[in-house]
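Below is one structure, written out as structure tokens; comments come after it.
Rule-based calculations on the coordinates, nothing more; no lab input. As the structure is a computational prediction, the values presented were derived from the model and not from experiment. Heads up, the Cβs are rebuilt from the backbone with ideal geometry, glycines too, and the neighbour counts pull from every protein chain shown.
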Amino acid sequence: MASVPITVRRARDALEARTARVPYRVKLALVWVVIFVVLAVLFLSYGFDTDFMLEWAPFILGGTGITLLVSVCSIVLATVLALIGALARLSKNPVINGVASLYVSAIRGTPLILQITFVFLAFPQFARFAPTYMEGAFLLPAIPAGILALGVNYGAYMTEIFRAGVQSVGHGQIEAAHALAMSPTQTTRRIILPQAVRLVIPPTGNEFIAMLKDSALVSFIGVSELFFRASKVGQQNFRAMETLIVAAAMYWLVTSVFSYFQAKLERKMARGYVRETSHGH
């Protein structure tokens with residue numbers, strides 16, 4: 001009887017040894033395959049109307065371009081606002097610092113959907129106070145309104161990211177720049193910003209990926225993007241499950257692609273930092 005546990009232990013050890021020789025990526029791929037098989041079985045057993053999904057998929061997926069347009073334009077605006085806001089938050093001028101602090105506090109303290117609705121519906125009321133030649137300046141179409149609201153919102157959050165990046169630059173380097181008779185503007189442009197940019201690019205990429213998903217909120221002001229099309233077609237045909245699955249799959253695909261490149265960018269910048277550090281030592 002004593003030989004049975006020993007035999008079992010040996011078999012277990014042999015199995016673990018064989019398993020250890022399998023690369024981790026292969027194991028991970030097998031797990032994904034199993035998950036997708038289970039999801040496919042559940043999908044087929046539920047009885048989804050696949051013909052309906054295939055019929056409307058081109059129309060729904062056609063909104064992906066608008067989603068990307070809104071997201072890209074918004075992240076560009078957010079980056080500009082974040083850079084200005086970070087420098088303003090670090091300013092010793094109380095007026096500049098106070099305005100930047102109020103901007104960050106107000107935007108971070110209110111919901112994004114409220115800000116989008118405000119820009120599209122409430123913002124045009126400022127036209128009452130505008131001169132006659134500016135009466136139409138506050139009336140924004142849905143897409144520019146959505147871009148403005150998303151850019152302003154993410155700019156406030158990214159302001160703190162940029163501020164932390166600027167503050168991460170060592171004071172010794174700033175003092176060395178001053179010793180070389182560099183002006184504050186030259187120090188910022190040549191010493192601080194190049195190093196800060198390297199630190200803020202990875203989190204900025206993360207913000208862009210988050211914005212891709214938050215861009216669905218502009219559908220509430222009538223932007224015909226991915227979520228808007230999926231929800232409208234689903235409601236009109238009483239097939240919300242099918243259309244939302246199509247939209248969710250596309251969001252997943254797009255964010256997965258950008259997440260892949262984001263991870264590659266982070267690894268590349270990390271290697272560059274290690275090389276620079278080793279050369280410095």
Looking at the P(r) of the range 64-223, how many percent of alpha-carbon pairs lie beyond 23 Å? 47 percent
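What does the charge count around G155 come to, taking other residues whose C-beta lies under 11 Å from its C-beta (Lys +1, Arg +1, Asp -1, Glu -1)?
On the way: positive: R108; negative: E160, E207.
It works out to a net charge of -1.
What list do you get for E175, E266, E207 if you sort them by fewest beta carbons within 10 Å?
Numbers: E175 11, E266 15, E207 22.
With the sparsest Cβ surroundings first, the list reads E175, E266, E207.
Order by neighbour count: Y24, Y157, fewest other Cβ atoms within 10 Å first, most last.
Result, fewest neighbours first: Y24, Y157.
Note down the net charge around N206, summing +1 for each Lys or Arg and -1 for each Asp or Glu among other residues with Cβ under 13 Å from its Cβ. Walk me through the numbers before you get to the answer.
Numbers: positive: K213; negative: E207, D214, E266.
Taking every Cβ under 13 Å from that of N206, the sum is -2.
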Here the Kirkwood hydrodynamic radius of the range 27-113, Cα-based and in Å, equals 18.0 Å
If each residue of separation counts as 0.36 nm, what is the full-extension length gain between Q125 and E175 once their alpha-carbon separation is subtracted? 13.1 nm
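For the range 209-258, what value does the Rg/Rh ratio take when both radii are computed over Cα atoms and Rh is the Kirkwood radius, given to two decimals? If you can, show how the numbers build up before the last one.
Details: Rg = 10.9 Å, Rh = 11.1 Å.
Ratio of gyration radius to Kirkwood radius for the range 209-258: 0.99.
Could you list S91, S219, S74 so that the one with the fewest beta carbons within 10 Å of its beta carbon is first and the one with the most is last?
Working: S91 14, S219 23, S74 27.
Taking fewest neighbouring Cβ atoms as first place, the list is S91, S219, S74.
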Most positive-pole-ward Cα, N97, V72, T204, against dipole of the range 64-223 from beta carbon charges: N97
Contour minus Cα-Cα distance for V257 and N93 (0.36 nm per residue): 54.8 nm
If R0 = 51 Å, then V33 and S224, at their Cβ-Cβ distance, give a FRET efficiency to the nearest 0.05 of 0.90
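Could you order the peptides 196-203, 247-254 from most to least packed, using the average number of other C-beta atoms within 10 Å per residue? The partial results should precede the final answer.
Numbers: 196-203: 18.0, 247-254: 16.4.
The most tightly packed comes first, giving 196-203, 247-254.
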